[in-house]
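The values are calculated or read from the model by the stated rules, or taken from the named source; none is laboratory data. Here the structure is a predicted model, which is why all the values come from computation and not from measurement. Cβ sites come from the backbone with ideal geometry, for glycine too, and all protein chains shown count toward neighbours.
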Amino acid sequence: MADDTGIRIDIRKRWNWREFFFQWEWLLVLIFLGVHVVNSFLSPYYLNLDTFISTPSTFLDKSFIVFPMMFVIVLGMIDISVGSIVALSAVIMAVSFNAGLPMPAAMLLCLAVATTAGMINGFLITKFKELSSVIVTLSTMIIYRGIAYIILGDQASGRFPEWYSFLGWGRLFGLPFVVVCFILCAVIFGLILHKTRFGRSVFGMGNNGLTCRYSGINTDRITFLVFMITGFMAGLTALFLTSRMGSTRPNVAQGYELEVIAMVVLGGVSTTGGVGRIAGPILAIFIIGFLGYGMGLANIQAPAVLVVIGLLLILSVLAMRVRFKIRKKSAAV
Amino acid sequence: MAARKFVLNENLRELGLLMFIIALSAGVQARNPVFLTVSNLTSLFTNTAILAILAVGMTLVLITRGIDLSIGATIAFAGMVSSLTVAAYPTISPALSLLQGTLIGAFIGSIIGLLVARFNVLPIIATLGLMNIVRGLTFMVSGGKWVSSYQMSTGFKAIATGKTLGLNNLVVIAILVYALAWYFMNHTRTGRRIYAVGSNPEAAAISGIPKKRLVFLAYALMGALAGLAGVLWVAKFASAQGDTAMGYELQVIAACILGGVSISGGVGRLSGLILGTVLLGILNNALPLINVSPFWQMGIQGITVLAAVLTNVMVKRNTDRNALRRRAI
């Protein structure tokens, strides 16, 4: 599959207009602008600064999982248990708070539970290499949500202290707090992926895991860490989501895995592993987010949004394949 | 020789599963004597029939090294469209409804098959996408409303409640599906080739087996069975809703894994599948009988699946190690 993944090794190359303009990210920028043009036709009040500042806080909570999921997919794996991890950690936080644990401790517990869940995924995947990440995370997906149901049944739990709503609704430096955290995470994950040895190893493993192992990279440790981080970020999402909703129940975050994977794939990350840049998924987060917001403006129901996200996922995978074919052809010429 | 040893292993595995089922049944029976009564067993098998039908399709897909997460949505969509049709034309014959559902399912399955076989989209991505598209469409065609019992003709509901030869129709349909599948998977060239594609795609391609067509076929058949199951589901519960069978794909995959179908392709037998389905059916049926809260169901199922998957790996490792040791001497 090596010739199929469009690997580019970072040696300093001459600036090439074709290389520059045929980047996936430009297409995303175009779609992004297109979404805004359509949205501004839908509502005359759409185009003002406040829309751009406050709208993201309605969809950014799940985007925290997009970054680690990008790592997972670059590895050539997948994690479909993230929605369940969000539910489980949120439920445990709410229940332990209502059982008398102070809120800061409950929040730490939430993160700890989510990280542990991710570690269990990572452990199973690295210790049982015969099993694909699909089947491992599929079964943990059932188990984690199952535990959430065992704890809370069909109840909701909430009554959090006043200050906790700051996470979802508060502002810092004039920006919503979620947006600040999002920017911070984007910078950190971008640096890790593109500027550290860890990030390069992730790309290497996505292209050829065996070679990486033979070149002395501790592939098991990297896989384990990536899944652990995915769990941690799912816990972070749980914190923000619960704060925004004010309460939680075992069926929250259902279908998050699809949206997150759709964002990553739309962002130009190849599902066969080894390819992707951080800017793509970030653009994709805002495309899907503003798309959903616009469809809300146009009074289109949630089911239609499901259809659109599903279509986007499949179309972007198909478009990626066409793109690699073109690149291969132009490389041959 | 190797093939015979493999079959022996499979037999041992299924024997183990059977023992476990018997032990579980005995345990449940000790706690609640209602379990092993004719009426409860009838309801157990009626409730498990749809799961069993779906498991056949999923087995085909898993054998080709694929997975299908969209079937819950396909069930809902096929069920919704067929019940809307019945609500609009109450005189339509039940057989036509079944055919309609099956065709709708086959169409959705074909799209997935095309994406996976022709365009090399990963099965998990293709079916995750389709799952949401089809689920969204289900809500859209129904306008978010339910189709309830009074809107369905008695003939339509009789698909699931009626009896043929003293057996519930659902069970009869499941038996028919299994008979056909048994013949197809074991005694036709196409069926055997599906195994070949799953156990060694490269060798299969080199020996001239049309891999793409067979993978396509597996998904199309899965879709058709899911469509059929959709009509059965709606007729059984006498209500079609937007969120019908949400997440049911997980149960179906669980039944296959418990039945010894390998996720890495090429392995899976109907005899194991029946045991796996029955085990899951017993878990669903017996937990309420022994006063386990329904909220425990999901967790217990998940643990069972994980345990089954891990046991499979351990057993496989053990046999491989033994084979190596024998070769060393």
For this session: Quick one: in segment B:311-329, of everything that is under 14 Å from B:L12 (Cα atoms) and either at pLDDT below 80 or touching a helix residue (DSSP H, G or I) at 6+ places or on another chain (Cβ under 7 Å) (or both), which residue is nearest to the other protein chains (Cβ to nearest Cβ)?
Result: B:K316
For this session: Give me a count of the residues in segment A:60-102 that are at pLDDT below 90 and out of contact with any helix residue (DSSP H, G or I) (no Cβ under 6 Å at 6 or more places or on another chain).
Result: 5
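Got a sec? Which of A:L108, A:L101 is within 17 Å of A:S157 (Cα to Cα), without any contact (Cβ under 8 Å) to a residue 24 or more places away in the chain, more than 10 Å from chain B (Cβ to nearest Cβ) and more than 20 Å from the chain's Cα centre (by Cα)?
Numbers: A:L108 fails: within 17 Å of A:S157 (Cα to Cα).
Just one listed residue meets the conditions, A:L101.
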Seminar exercise, completed: Within segment B:134-160, the residues that are hydrophobic (A, V, I, L, M, F, W, C), within 10 Å of another protein chain (Cβ to nearest Cβ) and in contact (Cβ under 8 Å) with a residue 24 or more places away in the chain are B:V134, B:L137, B:F139, B:V141
Problem set entry | Residue list for segment A:122-134, filter: more than 9 Å from every other protein chain (Cβ to nearest Cβ) and among the β-branched types (V, I, T) | A:I125, A:T126
Exercise. When only residues in segment B:107-118 that are under 20 Å from B:K211 (Cβ atoms) and away from chain A (no Cβ under 12 Å) count, which is surrounded by the fewest Cβ atoms within 10 Å (Cβ to Cβ)?
Worked result: B:S110
For this session: Would you point out the residue of segment A:135-154, among those that are of a type in the set (V, I, T) and surrounded by fewer than 19 Cβ atoms within 10 Å (Cβ to Cβ), that is nearest to the other protein chains (Cβ to nearest Cβ)?
Result: A:I150
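Condition check ((1) more than 13 Å from every other protein chain (Cβ to nearest Cβ); (2) closer than 15 Å to B:L130 by Cβ; (3) not basic (K, R)) across all residues:
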| site | (1), (2), (3) |
| --- | --- |
| A:I282 | yes, no, yes |
| A:F290 | yes, no, yes |
| A:I300 | no, no, yes |
| A:P303 | no, yes, yes |
| A:L313 | no, yes, yes |
| A:S316 | no, yes, yes |
| A:M320 | no, no, yes |
Exercise. Does B:M131 satisfy being more than 18 Å from B:Y248 (Cβ to Cβ) and either not aromatic (F, W, Y) or not in a helix (DSSP H, G or I) (or both)?
Worked result: no
Exercise. In segment B:157-171, is there at least one residue being over 16 Å from B:G101 (Cα atoms), modelled with pLDDT of 85 or more, surrounded by 15 or more Cβ atoms within 10 Å (Cβ to Cβ) and touching a Phe, Trp or Tyr at 6+ places or on another chain (Cβ under 6 Å)?
Worked result: yes
Seminar exercise, completed: Residue set A:A262, A:A253; condition touching a Leu at 6+ places or on another chain (Cβ under 7 Å), within 14 Å of chain B (Cβ to nearest Cβ), over 23 Å from A:V187 (Cα atoms) and hydrophobic (A, V, I, L, M, F, W, C); output residue A:A253
For this session: Taking B:A238 as the residue in question, decide whether it is closer than 19 Å to B:L176 by Cα and either at pLDDT 85 or above or not charged (D, E, K, R) (or both).
Result: no
Exercise. Would you call B:G129 under 24 Å from A:L258 (Cβ atoms) and at pLDDT below 85?
Worked result: no
Exercise. So which pairs qualify, if the first residue must be in segment A:29-50 and surrounded by 14 or more Cβ atoms within 10 Å (Cβ to Cβ), the second must be of a type in the set (D, E, K, R), the Cβ gap must be under 7 Å, and the two must be at least 6 apart or on different chains?
Worked result: none
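Kindly indicate whether B:I125 is part of a helix (DSSP H, G or I) and crowded, with 24+ Cβ neighbours inside 10 Å.
So B:I125 fails the test.
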For this session: Report whether or not A:V187 is under 23 Å from the mean Cα position of the chain (by Cα) and modelled with pLDDT under 90.
Result: no
Exercise. Which one of these is surrounded by fewer than 22 Cβ atoms within 10 Å (Cβ to Cβ), touching a Gly at 6+ places or on another chain (Cβ under 8 Å) and either under 24 Å from A:T137 (Cβ atoms) or at pLDDT below 85 (or both): A:R327, A:R277, A:R249, A:R244?
Worked result: A:R327
